[in-house]
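Colleague: Let me begin by handing over the structure; questions about it come next.
The values are calculated or read from the model by the stated rules, or taken from the named source; none is laboratory data. These numbers were taken from a predicted model, which means no experiment stands behind them. Every residue, glycine among them, receives a Cβ derived from its backbone with ideal geometry; neighbour counts consider all protein chains shown.
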Amino acid sequence: MLKTVFGVATSALLFISTSSVSAESAIEQIKKRAAEINELKTLIQSPDPALRLAAIDTMQNSKDLAMKELAFSTGINASDESVVALTIRNRFSEIDSFVVLLSKPEDNEKALKAYNYFGGKVLFKVISYDKDRATLVNDTHVSNTDKSSTISGLNLFLNSSNCQGAFKLAEDLSYKGTISCDKQEFPAVINLF
């Protein structure tokens with residue numbers, strides 16, 4: 001009986017000391033990770049534009065989820081247009097689809113018919129994305145024909161077999177522009193952020 005009690009007590013002490021070492025190790029890893037993130041955040045504020053871009057790109061392409069989300073939030077809200085443009089290009093590598101919300105037409109019967117046909121929105125599915133060239137191959141929920149769309153700075157040019165549109169990133173961080181679907185033009189909005 002005494003052997004059993006001694007064995008249980010030894011196991012409990014070993015567990016407590018292992019847990020303590022494990023907690024200390026986790027704390028050290030967290031501190032190291034936080035220092036790394038803070039160092040990169042400092043580089044994002046650098047007066048050197050090349051250094052800012054390199055830091056934001058490194059963080060946005062990191063496997064560290066906290067670093068990545070912080071970088072996307074910082075990048076999209078940056079005052080430097082080149083950082084915002086890079087953030088947009090990196091964001092497209094993170095998504096597999098997005099929705100273009102059409103404005104409902106008031107007095108145009110043909111436009112209303114097209115609006116209803118599309119369900120008031122066009123779902124663009126990203127088939128492939130070339131981040132270096134800022135081009136994406138896409139199709140839509142009404143057509144499986146692959147077409148190529150492009151990103152240029154803060155602009156997005158969409159192309160599908162039924163719809164073509166031009167959008168610019170607005171101050172509220174949504175893309176706003178117009179899209180022609182089945183030869184009918186609609187003001188439209190895309191929310192990626």
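Colleague: Out of all the residues in the stretch 164-183, is one or more closer than 17 Å to Lys125 by Cβ and of a type in the set (Gly, Ala, Ser)?
Modeller: yes
Colleague: Determine if the stretch 115-129 includes at least one residue that is touching a Cys at 6+ places or on another chain (Cβ under 7 Å) and in contact (Cβ under 8 Å) with a residue 24 or more places away in the chain.
Modeller: Yes, that holds for at least one residue.
Colleague: Could you please let me know if Ile88 is out of contact with any strand residue (DSSP E or B) (no Cβ under 8 Å at 6 or more places or on another chain) and outside any loop (DSSP other than H, G, I, E, B)?
Modeller: Numbers: out of contact with any strand residue (DSSP E or B) (no Cβ under 8 Å at 6 or more places or on another chain): no; outside any loop (DSSP other than H, G, I, E, B): yes.
Answer is no for this residue.
Colleague: Same structure, new question: Write out, first by first residue and then by second, each pair whose Cβ atoms fall under 6 Å of each other, whose residues are 6+ apart or on separate chains, and whose first residue, in the stretch 130-142, is in a loop (DSSP other than H, G, I, E, B) while the second is of a type in the set (A, V, I, L, M, F, W, C).
Modeller: Ala134/Ile151; His141/Leu123
Colleague: Return yes when Asn159 is within 26 Å of Leu86 (Cβ to Cβ) and under 17 Å from the mean Cα position of the chain (by Cα) and no when it is not.
Modeller: no
Colleague: Scanning the stretch 128-142 for residues that are of a type outside the set (Ser, Thr, Tyr) and closer than 19 Å to Ile88 by Cβ, which turns out surrounded by the most Cβ atoms within 10 Å (Cβ to Cβ)?
Modeller: First, the residues of the stretch 128-142 that are of a type outside the set (Ser, Thr, Tyr): 130-134, 136-139, 141-142.
If we keep only those that are closer than 19 Å to Ile88 by Cβ too, we end up with 130-134, 136-138.
Values: Asp130: 13, Lys131: 14, Asp132: 6, Arg133: 11, Ala134: 17, Leu136: 25, Val137: 15, Asn138: 22.
Of everything passing the filter in the stretch 128-142, Leu136 is surrounded by the most Cβ atoms within 10 Å (Cβ to Cβ).
Colleague: Give just the number: which of (1) free of Cβ contacts under 8 Å to residues at least 40 places away in the same chain; (2) within 21 Å of Ala134 (Cα to Cα); (3) out of contact with any Pro (no Cβ under 7 Å at 6 or more places or on another chain); (4) assigned to a helix (DSSP H, G or I) does Ser82 not satisfy?
Modeller: Going through (1) free of Cβ contacts under 8 Å to residues at least 40 places away in the same chain; (2) within 21 Å of Ala134 (Cα to Cα); (3) out of contact with any Pro (no Cβ under 7 Å at 6 or more places or on another chain); (4) assigned to a helix (DSSP H, G or I) one by one, Ser82 breaks only (3).
Colleague: Still on this structure, please answer the following. (1) aliphatic (A, V, I, L, M); (2) more than 17 Å from the chain's Cα centre (by Cα); (3) at pLDDT 95 or above: which one isn't true of Ile151, the others all being true?
Modeller: Only one criterion is unmet by Ile151, namely (2).
Colleague: To continue, here is another question. Restricting attention to the stretch 42-75, which residues are of a type in the set (Lys, Arg) and surrounded by fewer than 16 Cβ atoms within 10 Å (Cβ to Cβ)?
Modeller: Within the stretch 42-75, Lys63 is the sole residue that qualifies.
Colleague: So which of Ile95, Ile88 is within 11 Å of the chain's Cα centre (by Cα), under 15 Å from Leu173 (Cα atoms) and touching a residue at least 40 places away in the same chain (Cβ under 8 Å)?
Modeller: Ile88
Colleague: On to the next question. Taking the stretch 143-165 on its own, how many of its residues are exposed (fewer than 15 other Cβ atoms within 10 Å of the Cβ), part of a strand (DSSP E or B) and of a type in the set (Gly, Ala, Ser)?
Modeller: Qualifying residue count for the region: 2.
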